[in-house]
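Below: the structure, in C-alpha coordinates.
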Amino acid sequence: MSPTVFRYRNYRFFFFSREENRMHIHVYSPDGEAKVWIEPEVELALSKGFKDSELKEILEVIIKKQDEIRNHWKQHFGGTNQ
(Lines give C-alpha, C1' and ligand atoms only; values in the text may rest on other atoms or scores of the structure.)
Protein backbone atom coordinates (compact mmCIF):
# COMPACT_ATOMS: atom_id res chain seq x y z
CA MET A 1 0.00 0.00 0.00
CA SER A 2 1.32 3.45 -0.93
CA PRO A 3 -0.95 6.10 0.55
CA THR A 4 -0.88 9.51 -1.10
CA VAL A 5 -0.25 12.26 1.45
CA PHE A 6 -0.91 15.13 -0.96
CA ARG A 7 -0.49 16.28 -4.54
CA TYR A 8 1.17 19.46 -5.73
CA ARG A 9 1.15 20.35 -9.40
CA ASN A 10 2.10 17.12 -11.19
CA TYR A 11 3.89 15.69 -8.13
CA ARG A 12 2.50 12.92 -5.95
CA PHE A 13 3.84 12.80 -2.37
CA PHE A 14 3.38 9.40 -0.74
CA PHE A 15 4.67 6.71 1.63
CA PHE A 16 5.61 3.13 0.90
CA SER A 17 4.19 0.96 3.64
CA ARG A 18 6.76 -1.00 5.64
CA GLU A 19 9.79 0.27 3.79
CA GLU A 20 12.02 1.55 6.62
CA ASN A 21 11.76 3.22 10.00
CA ARG A 22 13.33 6.61 9.33
CA MET A 23 10.62 9.16 8.53
CA HIS A 24 10.64 10.07 4.83
CA ILE A 25 8.39 10.75 1.87
CA HIS A 26 8.55 9.73 -1.78
CA VAL A 27 7.78 12.08 -4.65
CA TYR A 28 6.77 10.97 -8.13
CA SER A 29 5.95 12.75 -11.35
CA PRO A 30 6.16 11.72 -15.01
CA ASP A 31 9.58 13.40 -15.09
CA GLY A 32 11.23 11.72 -12.12
CA GLU A 33 11.12 10.43 -8.60
CA ALA A 34 12.78 11.23 -5.31
CA LYS A 35 12.97 10.20 -1.69
CA VAL A 36 13.29 12.87 0.99
CA TRP A 37 14.17 12.36 4.65
CA ILE A 38 11.91 14.20 7.08
CA GLU A 39 13.94 13.35 10.19
CA PRO A 40 16.13 14.47 11.70
CA GLU A 41 15.68 17.26 9.16
CA VAL A 42 14.36 17.64 5.62
CA GLU A 43 17.08 16.36 3.31
CA LEU A 44 17.19 14.78 -0.14
CA ALA A 45 17.95 11.05 0.11
CA LEU A 46 17.94 10.25 -3.61
CA SER A 47 16.57 11.50 -6.89
CA LYS A 48 16.26 10.31 -10.46
CA GLY A 49 15.11 12.42 -13.39
CA PHE A 50 14.34 15.72 -11.67
CA LYS A 51 16.11 18.93 -12.63
CA ASP A 52 17.81 20.95 -9.89
CA SER A 53 15.06 23.58 -10.10
CA GLU A 54 12.39 20.89 -9.59
CA LEU A 55 14.24 19.46 -6.59
CA LYS A 56 14.50 22.90 -5.06
CA GLU A 57 10.74 23.39 -5.46
CA ILE A 58 9.99 19.91 -4.08
CA LEU A 59 12.14 20.51 -1.00
CA GLU A 60 10.48 23.89 -0.41
CA VAL A 61 7.03 22.28 -0.58
CA ILE A 62 8.08 19.52 1.83
CA ILE A 63 9.52 22.03 4.29
CA LYS A 64 6.27 24.01 4.22
CA LYS A 65 4.17 20.87 4.66
CA GLN A 66 6.43 18.91 7.00
CA ASP A 67 3.97 19.07 9.92
CA GLU A 68 1.24 17.63 7.69
CA ILE A 69 3.63 14.92 6.49
CA ARG A 70 4.63 14.04 10.07
CA ASN A 71 0.97 13.82 11.11
CA HIS A 72 0.15 11.53 8.17
CA TRP A 73 3.17 9.37 8.98
CA LYS A 74 2.06 8.99 12.60
CA GLN A 75 -1.48 8.12 11.52
CA HIS A 76 -0.31 5.61 8.93
CA PHE A 77 2.41 3.94 10.97
CA GLY A 78 0.74 4.09 14.38
CA GLY A 79 2.06 7.08 16.27
CA THR A 80 5.80 6.51 16.05
CA ASN A 81 8.22 5.57 13.32
CA GLN A 82 7.12 2.21 11.99
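The values are calculated or read from the model by the stated rules, or taken from the named source; none is laboratory data. If you're wondering where the values come from, they're calculated on a predicted model, not measured in any experiment. Because the Cβ atoms are built from the backbone with ideal geometry, glycine has one as well, and the counts that use them run over all protein chains shown. For the accessible areas, the whole protein counts, side chains as well, though only heavy atoms, and no ligand, DNA or RNA atoms are used. Shrake-Rupley method; radii C 1.70, N 1.55, O 1.52, S 1.80 Å.
Dipole magnitude of the chain about its Cα centre, charges +1 at Lys/Arg Cβ and -1 at Asp/Glu Cβ only, in debye to the nearest 20?
Approximately 240 debye in magnitude.
For the chain, set up a GNM with springs between Cα atoms under 10 Å and report which of VAL36, VAL27, VAL61 has the largest fluctuation.
VAL61
Which residue, GLU60, GLU19, GLU68, has the most motion in a Gaussian network model of the chain that connects Cα atoms within less than 10 Å?
Greatest mean-square fluctuation among the candidates belongs to GLU19.
Treating the angle as unsigned and between 0 and 90°, give the value, to the nearest 10°, between the Cα long axis of helix 66-77 and the longest Cα principal axis of the chain.
Computed tilt is about 50 degrees.
Give me the net charge of TYR8's neighbourhood, meaning all other residues with Cβ under 11 Å from the Cβ of TYR8; Lys, Arg count +1, Asp, Glu -1.
+3
Given R₀ = 30 Å, what would the calculated FRET efficiency be for LYS56 paired with ARG18, taking r from the Cβ atoms and rounding to 0.05?
0.50
Taking a spot 7 Å from the Cα of TRP37 along the direction of its beta carbon, which residues of segment 1-31 have an amide N less than 14 Å from it?
Inside the label zone: 21-25.
When the accessible area of the chain is split by element with a 1.4 Å probe, what percent falls to carbon and sulfur?
47 percent
Alpha carbons only, please: Rg and Dmax for the chain, in angstrom.
Just the Cα atoms of the chain yield Rg and Dmax of 11.7, 34 Å.
Amide H of PHE6: which non-local residues (sequence gap of 5 or more, or other chain) have their own amide H closer than 5 Å, using H built in the peptide plane?
Result for PHE6 returns PHE13.
For the chain, with every protein chain kept in place, what is the accessible area per residue (1.4 Å probe, Å²)?
I get 61 Å² per residue for the chain.
When the helix-only estimate is applied to the chain (DSSP H runs of n ≥ 4, each -39,500 (n - 2.57), divided by the residue count), what is the mean residue ellipticity at 222 nm, nearest 500 deg cm²/dmol?
Only helices count here, giving -9500 deg cm²/dmol.
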